[in-house]
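Here is the structure we will look at.
The values are calculated or read from the model by the stated rules, or taken from the named source; none is laboratory data. From a predicted model like this one, the values you see are computed outputs, not experimental measurements. Virtual Cβ from ideal backbone geometry, glycine too; neighbours counted across all protein chains shown.
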Amino acid sequence: MPTSFFLEMWRPEGYTFFGCGESLVVGKGDVLTVTRGGKAARWRGNLLAQLRGVLATRRAPRWPGLPPFFGGFVGYVAYDAARAIERLPVRAVDDLALPEVYLMET
């Protein structure tokens with residue numbers, strides 16, 4: 001699974017970031033998997049609660065003069081992750097089987 005990214009911030013003072021991830025956080029259904037250094041750990045339960053726990057262990061400092069983002073997590077939390085918060089009707093077939101959470105840590 002590739003762990004590289006391109007992130008562009010469109011503003012007058014805009015920044016462009018290219019990078020690759022050291023670790024990978026992937027969540028689907030009630031399973032969250034964190035891979036670091038080739039070793040994977042899995043948690044079961046509420047997807048967003050598990051994600052909150054993983055993210056709480058990592059905080060990037062803010063340093064004056066640096067862009068607002070200079071490292072941390074890059075990726076997405078899909079709309080379907082809302083099912084971890086509330087009951088929503090399932091109206092579509094999950095034919096792509098994409099993760100609901102996909103984050104790379106730079």
ask   = Can you name the number of the only condition in (1) at pLDDT 85 or above; (2) surrounded by fewer than 17 Cβ atoms within 10 Å (Cβ to Cβ) that Phe70 fails?
value = (1)
key: Members of segment 26-43 that are out of contact with any strand residue (DSSP E or B) (no Cβ under 7 Å at 6 or more places or on another chain) and either assigned to a strand (DSSP E or B) or surrounded by 11 or more Cβ atoms within 10 Å (Cβ to Cβ) (or both)   = Lys28, Gly29, Lys39
Subset tally (residues that are hydrophobic (A, V, I, L, M, F, W, C) and either surrounded by 13 or more Cβ atoms within 10 Å (Cβ to Cβ) or under 13 Å from the mean Cα position of the chain (by Cα) (or both)) for segment 83-95 = 1
request  = Only residues that are charged (D, E, K, R), surrounded by 10 or more Cβ atoms within 10 Å (Cβ to Cβ) and in a loop (DSSP other than H, G, I, E, B): list them for segment 44-59, please.
outcome  = Arg58
message = Against the definition (surrounded by 12 or more Cβ atoms within 10 Å (Cβ to Cβ), modelled with pLDDT under 85 and not aromatic (Phe, Trp, Tyr)), how does Met1 come out, yes or no?
response = no
task = Please identify the pairs in which a residue from segment 80-106 that is polar (S, T, N, Q) has its Cβ atom under 8 Å from the Cβ atom of a residue that is modelled with pLDDT under 85 and part of a loop (DSSP other than H, G, I, E, B), counting only partners at least 6 apart or on another chain.
result = Thr106/Gly21; Thr106/Glu22; Thr106/Gly71; Thr106/Gly72
remark   = Residue hits (segment 6-25; surrounded by 15 or more Cβ atoms within 10 Å (Cβ to Cβ), under 14 Å from the mean Cα position of the chain (by Cα) and part of a strand (DSSP E or B)) are Ser23, Leu24, Val25
